[in-house]
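Novice: Here it is, the structure in full.
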């Protein structure tokens, strides 16, 4: 699915190799710690400068403490000083693609409200959507001013 035209959004650039980004996300999924759900998810977050930060889901017996792959990648990037992102690739070992959960959508919005989100399952085609479509009318930092 191609994102609809919108001149207010930064499009993935010619140097954004989505297939490479997705390969990195699939590799990150293999590092997941998921003894409870048995679902492995990996994320590859592309910063404005071209640096890629990876993350994987890390589960906990106290389910509320589980960390999703998307948030794991953002935390790694922020801890490295990064604050601006162009795209994220999210891969899973499940046959179908999995979209980011609500908490991850909100977390990603904090740093990149126009982020391109690429998702793919182990047996599914690549899907691309803009975060603004996944979280319309979102509560954002601007709402606190």
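Read the figures in this text as sums done on the coordinates, not as results from a lab. For clarity, every value in this text was computed on a predicted model and none was experimentally measured. Here Cβ is always computed from backbone atoms with ideal geometry, including for glycine, and neighbour counts include all displayed protein chains.
Novice: Mean residue ellipticity at 222 nm from the helices of the chain, using -39,500 (n - 2.57) per DSSP H segment of n ≥ 4 over the full residue count, to the nearest 500 deg cm²/dmol?
Specialist: Theoretical 222 nm ellipticity from helices: -6500 deg cm²/dmol.
Novice: Which order do the peptides 86-94, 43-51 come out in when sorted by mean C-beta neighbours inside 10 angstrom, highest first?
Specialist: 86-94, 43-51
Novice: Sticking with this one: Let me know the volume per residue of the alpha-carbon convex hull for the chain, in Å³.
Specialist: It comes to 118 Å³ per residue, whole-number rounded.
Novice: If you don't mind, another one. Considering only 35, 100, 113, give the residue with the highest GNM mean-square fluctuation for the chain, with springs between Cα atoms whenever their separation is below 10 Å.
Specialist: Checking each option, the largest mean-square fluctuation is seen for 35.
Novice: I need to check one value: relative contact order of the chain, counting alpha carbon pairs closer than 8 Å and at least 6 residues apart, in percent.
Specialist: 22 percent
Novice: Using a Gaussian network model of the chain with C-alpha springs under 10 Å, which one of 106, 123, 30 is most mobile by mean-square fluctuation?
Specialist: Of the options given, 123 has the highest mean-square fluctuation.
Novice: Could you list 144, 115 in order of exposure, starting from the residue whose Cβ has the fewest other Cβ atoms within 10 Å?
Specialist: Going from least to most buried by this count: 144, 115.
Novice: Between 18, 52, 39, which gets the highest mean-square fluctuation from a Gaussian network model of the chain, Cα cutoff 10 Å?
Specialist: 39
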